[in-house]
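Chemist: Take a look at this one; I'll ask things after.
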Amino acid sequence: MKLYKVTVFAIVSLIITACNDYLEKESFDIITPEQVWKEPKLINGVMVNLYDGLQLEDFNYWYRDAWRLQNPSTMSDEAQGSFQKDPLFDNGNATYTYEDYLFEQKFSDRYKLIRNCNDFIVQVETAVSLSDADKTLLLAEARFLRAMHYFTLVKRYGGVPLVTEPQEYDPNNLEALMVPRNKEVEVYDFIVKECREAAAGLPLRREASAKYRTDRGAALALCSRAALYAGSIAKYGSVQLDGVVGIPASDATRFFQTSYDVSSEILSLGVYALYNKKPDDRSQNYCDMFLKGNGDNGEYIFQKQYNVAGGKGHDWDKRNAPFSFRAGGWGCGVAPTLEMIEEYECTDGVAEPLRITDSQGTSLRFEDPYELFMGRDPRLYASIYLPGSPIKGSVMEWRRGIIDFEGNRHIATSQPDGGNQAEIGGVVYSTTGKDGGADAGDASKTGFYQKKFFDETLTDMNMGKSETPWPVFRLGEIYLNLAEAAMELGKNAEALQAVNSIRERAGIFLLTNIDMAKVRHERKIELAFEGHRFWDMKRWRIAHLDVEQGGLNGFRGTAIYPWLDISDNKFVFERGYNAPKQRRIFLEKNYYLKINTDDINSNPKLVQNPGYTN
């Protein structure tokens, strides 16, 4: 970096760290490098910008445009997008092949930020204005951020060039800037090493004014996650391009051991605890953990904070509110699928589909559609709005249509504000619920909406008005990382204990035995809609399997259709297998992304990933 521009806006709009106590509210214009490295306050201002460059798969993270609704949840088997604008979420007679650049991070963008970290590290090491203690802390912080950038890249591309020092531009020697890709295992080894060494230089706790900056737990959490990914890729993947992608199977055990060790270390720090402030209401307890103002809950290890006053709010509530609660447009975004709802077990230990008929195949009848879902894992009601779910003093109402006195069905044909009516015996009935029921329009096509992270207290339903924090790392994940690594290492008793810690907090029956399927199931439920499932399916190498085998091939997502029978004002249900969404095709090449052609052309030493051509 040749010079830094530090403005008051950049200072007060810091996303992850509270920075007002680090920088006085002076107005700076152009600051030369000489000035920066002579003033600790300015050095911390540069750190502000390093944080701001992190790519976190948070509320604002979508592929291409937000209206396309392609985020890690809708691209996994958790959900689909409601809008019928993007090809993936329209035209149920077609198929969608996962795109070559899905969730792309261009090298030309990410390496600018890696260079900034590299330059910061070099400059801090020689800055005479800093004490040795300050240097140790800032260097550890910068190395953690650099490791985060490399993790962003490696989980998408496999091996990428490891550049750990600032490169100098020489027009007479451009080839010196052209670095080949390292092996994938080398990148993961680098991330693990950086995280362990950064953790040693970071405090166990931050002072109040810096509580959202990285600390020891955050560095260890990244290590826990990255090592688990590497172990999975080694065990379930294959090595190609001489190790540029893929990790030798012989390395699986050591990566699983690292994840296990680091996860155990985090649990022993005595700093974090599973959130459990309302043990008498397990569903509300789990729901509260993800609400505005509750990020400092003891479970979040590293979080992304938002501030509307500073121009750093997010749009999640506006983009995802159920139809009648969206306050004039947008809303409806992520629509969980029936397959996801039925992953939630019954509290008595029975794992079964929803019972909509009796043993003779006759439709069961319900006074309230919400009754169909009763008796399941409390996390279901905290994570998903179901037909009949309470919301903001009302209920989420999704109805496919009505059944008249002769048994004829009158189906909703447009979104709720489209005039869905049927006149029966001189009485006009609405065929739709106020939150959806038809295959047309923007409302959910599955009968469900995402509840996790939805702020029911929000009154300003405009873009940029949400302040719910995003959990980058939380203790629930660490328990599950430990459980998975323990299973891979044959430590079944420890895996069972870790999973049961999560289930006990959730209010679901405890397991008496454990296997990998149960560990993966628990991860799917506990971390639902937090951006994990899509990457988990990729690292386990199950995404290319047919949907019947737990993969994404052929997946479209099933709906639940409540019908109101006006003869007795009771509800019956049917499964909706023909929601207007494309069936998906996930190819084995999709485990790695295609490297952008511009990046390839700018560096002939880069080799393209398998299955792609330039």
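Chemist: Could you give the angle, 0 to 90 degrees to the nearest 10, between helix 107-126's Cα long axis and the longest principal axis of the Cα atoms of the chain?
Modeler: 40
Chemist: Please compute the contact order of the chain in relative form: average sequence separation of alpha-carbon pairs under 8 Å and at least six residues apart, divided by the residue count, as a percent.
Modeler: On the way: 1239 pairs, mean separation 117.7, N = 614.
It comes to 19 percent, rounded to a whole number.
Chemist: How many percent of DSSP beta bridges within the chain run antiparallel, rounded to 5? Walk me through the numbers before you get to the answer.
Modeler: Numbers: 34 of 41 bridges.
Here the share of antiparallel DSSP bridges comes out near 85 percent.
Chemist: Using Cα atoms only, what is the angle between the long axis of helix 216-236 and the major principal axis of the chain, expressed in degrees (0 to 90) to the nearest 10?
Modeler: 70
Chemist: Express the Stokes-Einstein translational diffusion coefficient of the stretch 429-493 in µm² s⁻¹, to the nearest whole number, given a Kirkwood radius over alpha-carbon pairs, 10 °C and a viscosity of 1.306 mPa s. Could you put the intermediate results ahead of the total?
Modeler: Details: Rh = 16.5 Å.
Diffusion coefficient, whole number: 96 µm²/s.
Chemist: What FRET efficiency do you get for Thr136 and Leu510 if R0 is 45 Å and r is their Cβ-Cβ distance, rounded to the nearest 0.05? Don't jump to the answer; show the numbers that get you there.
Modeler: Details: r = 43 Å, r/R0 = 0.97.
That gives a FRET efficiency of 0.55.
Chemist: Now for a different question. Taking 10 °C and 1.306 mPa s as the conditions, I'd like the Stokes-Einstein D for the stretch 377-483 in µm²/s, using the Kirkwood hydrodynamic radius from alpha carbon pairs. Could the numbers behind the result be given before it?
Modeler: On the way: Rh = 16.6 Å.
After rounding, the answer is 96 µm²/s.
Chemist: Can you grab the distance from the C-alpha centre of the stretch 192-214 to the C-alpha centre of the stretch 517-572, Å, no decimals?
Modeler: 36
Chemist: Per residue, how much space in cubic angstrom lies within the convex hull of the C-alpha atoms of the stretch 138-290?
Modeler: 155
Chemist: Going out from 0 in 10 Å bins, what whole percent of all Cα-Cα distances in the chain drops into each bin?
Modeler: With a bin width of 10 Å, the distribution comes to 3, 16, 25, 26, 17, 8, 3, 1, 0.
Chemist: On the protein heavy atoms, probe 1.4 angstrom, tell me the percent of accessible surface of the chain carried by carbon and sulfur.
Modeler: Values: 11170 of 23360 Å².
Carbon and sulfur atoms account for 48 percent of the accessible area of the chain.
Chemist: A further question follows. Do the sum for the chain: with -39,500 (n - 2.57) for every DSSP H run of n ≥ 4, divided by all residues, what is the mean residue ellipticity at 222 nm, to the nearest 500 deg cm²/dmol? Don't skip to the answer; put the middle values down first.
Modeler: On the way: 17 runs with 198 residues, N = 614.
After summing the helix terms and dividing by residue count, I get -10000 deg cm²/dmol.
Chemist: Excluding ligands, DNA and RNA, what is the solvent-accessible area per residue of the chain at a probe of 1.4 Å, expressed in Å²? Before the final figure, lay out each step's value.
Modeler: Values: 23360 Å² over 614 residues.
Counting only protein heavy atoms, the per-residue value for the chain is 38 Å².
Chemist: Met463 versus Ser238, label points 7 Å from Cα toward the beta carbon: distance in nm?
Modeler: Label at Met463, label at Ser238, 4.4 nm between them.
Chemist: Sort 600-608, 261-269 for me by packing, meaning the mean count of neighbouring Cβ atoms within 10 Å per residue, highest on top.
Modeler: On the way: 600-608: 14.9, 261-269: 19.0.
Going from most to least packed, we get 261-269, 600-608.
Chemist: Report relative contact order for the stretch 37-138 in percent, whole number only (criteria: Cα-Cα under 8 Å, sequence separation at least 6).
Modeler: Values: 59 pairs, mean separation 30.5, N = 102.
Relative CO of the stretch 37-138 lands at 30 percent.
Chemist: Over every pair of different alpha-carbon atoms in the stretch 251-383, take the mean of 1/r and invert it; report that Kirkwood radius in Å. Intermediate values should be presented prior to the final figure.
Modeler: On the way: mean 1/r = 0.0525 Å⁻¹.
When all Cα pairs of the stretch 251-383 are included, the Kirkwood radius is 19.1 Å.
Chemist: According to a simple spin-label model (label point 7 Å from Cα along Cα-to-Cβ), what is the distance in nm between Ala249 and Lys278?
Modeler: Taking the simple label geometry, Lys278 and Ala249 are separated by 4.9 nm.
Chemist: Still on this structure, I have one more. Can you pull out the trypsin sites (Lys or Arg not before Pro) in the stretch 145-221 whose DSSP state is coil and whose Cβ has at most 16 other Cβ atoms within 10 Å?
Modeler: On the way: sites: Arg146, Lys155, Arg156, Arg181, Lys183, Lys193, Arg196, Arg205, Arg206, Lys211, Arg213, Arg216; in loops: Arg181, Lys183, Arg205, Arg206, Lys211, Arg213.
The qualifying sites are Arg205, Lys211.
Chemist: I'd like the distance separating the alpha-carbon centroids of the stretch 357-415 and the stretch 426-467, in whole Å.
Modeler: If we compute the Cα centre of each part, the gap is 15 Å.
Chemist: Could I ask something else about it? Counting only chymotrypsin sites (Phe, Trp or Tyr not before Pro) that sit in a DSSP loop (anything but H, G, I, E, B) with at most 13 other Cβ atoms within 10 Å, what is the longest stretch of the chain containing none of them? Provide the component values of the computation, followed by the final result.
Modeler: Working: sites that count: Tyr169, Phe405, Tyr577.
It works out to 170-404.
The values are calculated or read from the model by the stated rules, or taken from the named source; none is laboratory data. Just so it is clear, the structure is predicted and the values come from calculations on it, not from any experiment. Cβ coordinates were reconstructed from backbone atoms using ideal geometry, including for glycine residues, and neighbour counts include every protein chain displayed. Calculation scope for accessible area: heavy atoms of the full protein, side chains included, ligands and nucleic acids excluded. Shrake-Rupley method; radii C 1.70, N 1.55, O 1.52, S 1.80 Å.
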